[in-house]
Amino acid sequence: MALLKKCFLSALGLLLAYYFYPATDSFRPEMLQGKRVIVTGASTGIGEQIAYHLARMGAHLVVTARTEAKLKKVISECLKLGAASAHFIPGTMEDLVFAEQVVTKAGKLMGGLDMLILNHIAPVNLRFFNGDVASIRKVMDINFFSYITMTSAALPMLKVTNGSIVVVSSIAGKLITPLIADYSAAKFALDGFYSSLQKELQLMNVNISITLCILGFINTDSAVKSLSGIVENITPSPKEECAVEIIKGGALRQKVIAYPSSIYISMWNPIRTIQEYFILLTYNIDNITRNQQFS
Ligand SMILES: NC(=O)C1=CN([C@@H]2O[C@H](COP(=O)(O)OP(=O)(O)OC[C@H]3O[C@@H](n4cnc5c(N)ncnc54)[C@H](OP(=O)(O)O)[C@@H]3O)[C@@H](O)[C@H]2O)C=CC1
Ligand SMILES: C[C@H](CCC(=O)NCCS(=O)(=O)O)[C@H]1CC[C@H]2[C@@H]3C(=O)C[C@@H]4C[C@H](O)CC[C@]4(C)[C@H]3CC[C@]12C
């Protein structure tokens with residue numbers, strides 16, 4: 001019994017260390033030099049800041065969002081800041097054909113792909129659910145299905161480069177908050193999909209990293225405006241620093257990052273981690289990998 005307890009505690013310790021110990025590798029901006037990166041939702045907010053940081057680091061960039069005029073300004077700023085190249089592709093992620101085309105066009109423009117940063121969201125209306133299913137479907141298309149569509153189109157290129165997928169999510173995809181049922185549904189769905197895909201890639205020995213970014217309240221114009229008069233007594237964190245943490249997480253191939261770091265605690269779920277570990281032990285991995293190819 002004592003031996004069993006010892007084994008259990010050691011396994012628990014190892015699991016916790018594996019999930020929560022920060023990457024030992026340290027970040028260097030040169031890691032992004034010459035890398036070919038797509039940034040979605042880059043016309044404003046966090047996405048725009050991600051583009052500027054990547055430009056300073058010397059990356060090749062393709063940015064996308066709906067508003068062409070804003071994207072033009074973003075790429076001209078990126079070129080001034082030192083981007084190796086910068087292009088924009090305007091359009092709406094409600095159109096899943098567009099979502100796929102962005103990836104193929106970007107691949108051609110840059111001659112391949114090293115990192116896909118999925119960041120865009122439909123404008124958020126904080127309100128009670130009013131039975132409007134069509135609007136939930138629209139939010140799911142923009143905030144969830146376009147992410148999956150772009151990922152699917154990017155996987156063959158990322159396989160060649162041992163590249164990275166960075167998914168920008170929210171504390172609202174881990175914890176429950178009212179007035180954002182549609183937004184929250186999409187963020188929880190992203191967590192389910194990408195956490196599962198992460199494990200599949202690992203099982204198939206495919207060296208593509210997936211970084212899930214869990215963010216708290218950030219001082220983008222849209223977030224500050226839509227929370228005004230609704231959420232009080234919290235100070236938003238700066239979007240510039242947030243963007244750096246997202247890039248670092250992707251470059252260091254971390255499975256998950258949290259920003260600000262005070263929200264790490266809300267992701268601390270050792271029971272879930274242990275259960276996931278034991279569930280995986282019940283899978284006949286050899287059999288599955290023998291019979292299924294990762295496309
Ligand atoms: N700010 C915050 O407090 C928090 C943000 N996050 C996450 O961070 C990410 C960025 O958020 P934030 O910077 O605040 O968002 P913003 O509202 O500032 O930016 C959203 C971006 O998405 C684009 N976009 C909107 N609709 C569409 C569409 N239909 N098709 C394509 N692009 C579209 C917008 O450009 P355009 O209008 O030109 O299309 C814009 O570039 C999101 O994933 C969000 O969930 C998570 C937690 C907190
Ligand atoms: C209200 C949430 C923040 C709560 C918080 O940070 N408390 C302090 C925790 S700590 O003490 O441990 O630090 C907001 C966190 C994320 C926000 C939502 C979000 O994900 C972005 C959307 C952006 C949009 O433009 C505005 C609404 C959002 C849905 C936004 C709503 C408020 C949050 C849930």
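Odds and ends about this structure:
- The HN-Hα couplings worked out from phi for segment 146-156 by the Karplus form 6.51 cos²θ - 1.76 cosθ + 1.60 (θ = phi - 60°) are 5, 4, 5, 4, 5, 4, 4, 5, 8, 3, x Hz, whole numbers, x standing for Gly and Pro.
- Under a 5 Å amide H cut-off, with hydrogens placed 1.01 Å from N, Val256 pairs with Leu212 among residues at least 5 apart or on other chains.
- Qualifying lysines (Cα of each under 17 Å from Cα of Lys138; at least 8 residues distant if same chain): Lys187
- Too-long pairs where the Cα-Cα distance tops 20 Å, listed order kept, from Lys35/Lys108; Lys80/Lys248; Lys70/Lys248; Lys35/Lys105; Lys108/Lys159; Lys35/Lys159: Lys80/Lys248; Lys70/Lys248
- What the phi angles of segment 259-265 give under the Karplus curve with 6.51, -1.76 and 1.60, with θ = phi - 60°, is a coupling list of 9, x, 5, 4, 8, 3, 4 Hz, glycine and proline written as x.
- Part-to-part distance (alpha-carbon centres) for segment 209-283 and segment 32-65, which is given in Å: 19
- Percentage relative contact order, the chain, counting C-alpha pairs under 8 Å, at least six apart: 17
- Put simply, the amide H of Val166, placed in the peptide plane, has neighbours under 5 Å in Leu116, Ile117, Leu118, Thr211, leaving out anything fewer than 5 places away on its chain.
- Taking a ≥ b ≥ c as the square roots of the eigenvalues of the Cα gyration tensor, an a/c ratio below 1.5 marks segment 28-269 as rounded.
- Accessible carbon and sulfur surface of the chain relative to its total accessible area, %, 1.4 Å: 58
- The residue among Val168, Ile210, Asn130 whose Cα reaches farthest toward the positive pole of the charge dipole of segment 28-269, with charges on the beta-carbon of Lys, Arg, Asp and Glu, is Ile210.
- Sequence-distant residues sharing a close amide H with Ala86 (under 5 Å, placed H): Leu61
- Accessible area per residue, Å², segment 28-269 with all protein chains present, probe 1.4 Å: 45
- The chain - charge dipole about Cα centre, Lys and Arg +1 at Cβ, Asp and Glu -1, debye rounded to 20: 360
- 13 Å Cα-Cα reach of Lys174 towards aspartates and glutamates, excluding residues that sit fewer than 8 places from it in its own chain: Asp191
- Relative contact order computed over segment 88-153 (Cα-Cα under 8 Å; 6+ residues apart), in percent: 53
The values are calculated or read from the model by the stated rules, or taken from the named source; none is laboratory data. Here the structure is a predicted model, which is why all the values come from computation and not from measurement. Every residue, glycine as well, gets a Cβ built from its backbone with ideal geometry; the counts of neighbours run over all protein chains shown. Side chains included, ligands, DNA and RNA excluded: accessible areas come from the protein's heavy atoms. Shrake-Rupley method; radii C 1.70, N 1.55, O 1.52, S 1.80 Å.
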